[in-house]
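Please read the structure below before turning to the comments.
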Amino acid sequence: MNRKKLFLETYGCQMNFSDSEIVVSILKDNNYDLTQEYKEADIILMNTCSIRDHAEQRVLNRLNEFKSLRNKKPEVLIGIIGCMAERMKDDLLNKENVDLVIGPDAYRDIPKLIEEKISKGQKAINVVLSNIETYDDINPIRYDSNGISAFISIMRGCENFCSYCVVPYTRGKERSRNPKTIIKEAQDLFDKGYREITLLGQNVNSYKWEENNESVDFPELLEQTALISNLLRIRFATSHPKDLSDKLLHTISRHENICDFIHLPFQSGNSRILEKMNRGYNRDWYLNRIHAIKTIIPNCGLSTDVIAGFCSETEEEHQDTLSLMKEVGYDFAYMFKYSERPNTYAWKKYEDDIPEAIKGRRLQEVIDLQQELSLQSNKKDIGKTFNVLVEGTSKKSKERLVGRNSQNKVIIFDKKNYKAGDYVNVKVINCTAATLLGEAI
Ligand code: 5AD
Ligand code: SF4
């Protein structure tokens, strides 16, 4: 039988990219191979994100391009999978006229739904969320990988219900994956030459596996993964401040190969806004966790997420966000304007009352400050030597390599005889706000 062609585009978070690797694996077993050219595809899938309105608009614009292709080539199937499938199911089927709508817990069903669509001609949908699906027996195909770093999804879903966030509605209940399957996947990757693994989940540090009388929590899972080999670096994302235990910090500090880097979203520096966001901590509590990190893991790299212009945020409260950023001195940040999401608690109960222009100005202030903080942090590294895991050749020059240090900073340096997968000691000689420049010693 002739194999068919799948074109797959992924939007949104790392979890989505990880899910796409599962989807490719499922479809490969069902007669589909990836193509880079959508015009020659038999099926086009978009793995989508609903976190902000802008993310959804991008997908809908791109969808129009795919629909024009289908006008000329009616046998092409177009499917929306992931968070938008979950959130906008009816609109996608009726208004947008897509052929397949498949939510994040229904990927095993894709081959059957395609078959149904082809044989019966009806649009096919499955957006049922599951309490147990973790895809733990499916071997993801790392189709877009550098062969050195890989992501392993360890849990799915989220039950934190931050008032602004759509994720609990699009990805359902929190569930952890069997640790044995996680360790096996990590070991297999190491055996294939991978040297860095990032354990992924919407809220990794609330990972908990229980079976019979045994249980494994996140620090224990992290430790088990680190014990695979000293040559395997371990990272994780994303952590929620409320679950960031000292036990986790001590585990990181005990193992050289668990990277000294934590992504810890704070969202706002003001306690009233944090309460309205339902984050489960206030400013002091968050700063106390930062203090614990800095004490237990000196020189820990820190990054964060922040939202500007949440409902009713005053100028003073916005200043609290800026002052918290300075106090912590983040190395890096993902920064957003608040975007109201239908059906969330904030959408139901609060007015989205900060005018667009003010949101934009506040966000720009956050971005400008972070630019300064990143530059300051990088300047402090000049003269220091770091152990760098080489990821590949620099995009700008074939004579240079790019890698990261434990703190997750990108370092560029001369190639010499080094190659991807090597660990190299690199002395930093210069920097920009985004990268360190160094030389191998
Ligand atoms: N508007 C803006 N940013 C949001 N995020 C989540 N929901 C929204 C929203 N409605 C941000 C948060 C989160 C990151 C993944 O996206 O900062 O940590
Ligand atoms: Fe986007 Fe959140 Fe869904 Fe990831 S989980 S794709 S960030 S909405």
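The values are calculated or read from the model by the stated rules, or taken from the named source; none is laboratory data. Quick caveat, the model's predicted, so the values are computed rather than measured. Note that each Cβ is placed from the backbone with ideal geometry, even for glycine, and that neighbours are counted across all protein chains shown. Ligands, DNA and RNA are stripped out before the accessible areas are found, and what is left, the full protein with its side chains, is counted by its heavy atoms. Shrake-Rupley method; radii C 1.70, N 1.55, O 1.52, S 1.80 Å.
Per-structure values
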read-out	value
Förster radius 30 Å - calculated FRET efficiency between Lys242 and Lys192 (Cβ-Cβ, nearest 0.05)	0.25
Accessible area of region 138-254 belonging to carbon and sulfur atoms, whole % at 1.4 Å probe	47 percent
Å² of accessible area per residue within the chain, as computed with a 1.4 Å probe and no ligands counted	45 Å²
For Val216, net neighbour charge (Lys/Arg +1, Asp/Glu -1) across residues whose Cβ lies under 12 Å away	-3
Cβ charges +1 (Lys, Arg) and -1 (Asp, Glu), total dipole of the chain, debye	980 debye
Three-way shape label, region 80-121, alpha-carbon gyration tensor, a/c 1.5	oblate
Fully extended contour minus Cα-Cα distance, from Asn278 to Tyr143, at 0.36 nm per residue	44.8 nm
Estimated [θ] at 222 nm from DSSP helical runs (n ≥ 4, -39500 (n - 2.57)) normalised by residues in the chain, nearest 500	-11000 deg cm²/dmol
Beta bridge orientation in region 300-412: antiparallel %, DSSP, nearest 5	55 percent
Ordering of 67-74, 300-307 by packing [mean C-beta count within 10 Å, highest first]	300-307, 67-74
Extended-chain gain in nm, criterion 0.36 nm per residue less alpha-carbon gap, Glu65 and Thr432	128.3 nm
Trypsin sites (Lys or Arg not before Pro) within region 1-62, DSSP loop, no more than 12 other Cβ atoms inside 10 Å	Arg3
Accessible area in the full protein assembly, largest first, 1.4 Å probe, for Glu365, Glu75	Glu75, Glu365
Karplus-derived HN-Hα couplings along region 119-125 (A = 6.51, B = -1.76, C = 1.60, θ = phi - 60°), whole Hz, x at Gly and Pro	7, 9, x, 8, 5, 10, 9
Descending Cα extents along the principal axes, region 1-122, whole Å	42, 30, 26
Charge dipole of the chain about the Cα centre (unit charges at C-beta), most positive-ward option of Gly421, Pro342, Asn97	Gly421
For region 103-196, projected area of the alpha-carbon convex hull averaged over all directions, nm²	8.1 nm²
Sites Asp414 and Lys379 - FRET efficiency at Förster radius 30 Å, r taken between beta-carbons, to 0.05	0.90
Shape category assigned to region 187-345 from the gyration tensor of Cα positions, a/c cut at 1.5	prolate
Gaussian network model of the chain, springs between alpha carbon atoms under 10 Å - residue of Ala106, Ala357, Ala55 with greatest fluctuation	Ala357
Loop trypsin sites (Lys or Arg not before Pro), region 365-399 (other Cβ atoms within 10 Å of the site Cβ: 14 or fewer; DSSP)	Lys384, Lys395, Lys396, Lys398
Share antiparallel - DSSP beta bridges, region 169-246, percent rounded to 5	45 percent
Gain upon complete extension [Asn2, His54; 0.36 nm per residue less C-alpha separation]	14.8 nm
Sequence of His263, His291, His250 when ordered by accessible area, the most exposed leading, probe 1.4 angstrom	His291, His250, His263
Disulfide-incompatible cysteines by the Cβ rule (no partner under 4.7 Å) in the chain	Cys13, Cys49, Cys83, Cys158, Cys259, Cys300, Cys311, Cys431
Carbon/sulfur fraction of accessible area - region 274-404, other protein chains in place, 1.4 Å, %	49 percent
Stokes-Einstein D (µm²/s) once Rh is taken as the Kirkwood radius of the chain over alpha-carbon pairs, at 4 °C in 1.567 mPa s	56 µm²/s
DSSP beta bridge pairing in the chain, given as percent antiparallel to the nearest 5	35 percent
Label point distance in nm, Lys112-Glu214, each placed 7 Å from Cα along Cα→Cβ	3.1 nm
Cα→Cβ-extended label distance, 7 Å offset, between Asn288 and Asn131, nm	3.4 nm
Region 176-266: trypsin sites (Lys or Arg not before Pro) falling in loop per DSSP and having at most 13 other Cβ within 10 Å	Lys192
Region 341-347 - phi-based ³J(HN,Hα) in whole Hz, Karplus 6.51/-1.76/1.60, Gly and Pro as x	10, x, 6, 6, 4, 4, 5
Among Glu275, Glu65, Glu220, residue whose mean-square fluctuation peaks in a GNM of the chain (springs only between Cα atoms under 10 Å)	Glu65
5 angstrom amide H check on Val410, placed H, neighbours 5+ away	Leu436
